[in-house]
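The values are calculated or read from the model by the stated rules, or taken from the named source; none is laboratory data. Keep in mind that this is a model prediction, so the values were computed, not measured. Neighbour counts are summed over all protein chains in view; Cβ atoms, including those assigned to glycine, are modelled from backbone coordinates with ideal geometry.
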């Protein structure tokens, strides 16, 4: 009886094929997870930008008790309605200065009169929609309400 040493060529080829298929599957899963994690980061950043804009707008008056000062740019806006139609290509700070690291995000704001807020007149209530987009497929819309009482 002869003792065998090592493996045959057929066994070696089968083992290499099994390892290659396993590694290919693992690398495919890692690639899918990494692309999804990047999408999640972009989504979270878009939410943070929208929340920042909404927080800024919600601090403004619906009806300015002091009268309307001259409009010298976003840093001087004191009513919610002044933000209506705001369209920033690239995110900007509260003074309207662009933020270079957020240049890929576009922001738009729509302000409209709101009714049905527990008896508050539509002239004293506003609905604010902040939309943030990032190519190719991220869109975030945050909505808030501001009322005078």
ask   = Somewhere in the range 130-146, is a residue surrounded by 11 or more Cβ atoms within 10 Å (Cβ to Cβ), more than 17 Å from residue 48 (Cβ to Cβ) and modelled with pLDDT under 95?
value = yes
query = What do you reckon, is residue 45 under 15 Å from the mean Cα position of the chain (by Cα) and surrounded by 13 or more Cβ atoms within 10 Å (Cβ to Cβ)?
reply = yes
ask   = Would you pick out the residues in the range 110-149 that are touching a helix residue (DSSP H, G or I) at 6+ places or on another chain (Cβ under 6 Å), more than 22 Å from residue 71 (Cα to Cα) and not in a strand (DSSP E or B)?
value = 115
Filter pass, residue 63 being exposed (fewer than 14 other Cβ atoms within 10 Å of the Cβ), over 15 Å from the mean Cα position of the chain (by Cα) and under 19 Å from residue 144 (Cα atoms) = yes
ask   = Which one is surrounded by the fewest Cβ atoms within 10 Å (Cβ to Cβ) among residues in the range 68-109 that are assigned to a strand (DSSP E or B) and in contact with a helix residue (DSSP H, G or I) (Cβ under 9 Å, 6 or more places away or on another chain)?
value = 92
request  = Please indicate, with yes or no, whether at least one residue in the range 14-35 is farther than 30 Å from residue 120 by Cβ, surrounded by 11 or more Cβ atoms within 10 Å (Cβ to Cβ) and either out of contact with any helix residue (DSSP H, G or I) (no Cβ under 6 Å at 6 or more places or on another chain) or modelled with pLDDT of 95 or more (or both).
outcome  = yes
task = Go through the residues of the range 56-72 one by one and say whether even a single one is closer than 29 Å to residue 138 by Cα and without any contact (Cβ under 8 Å) to a residue 40 or more places away in the chain.
result = yes
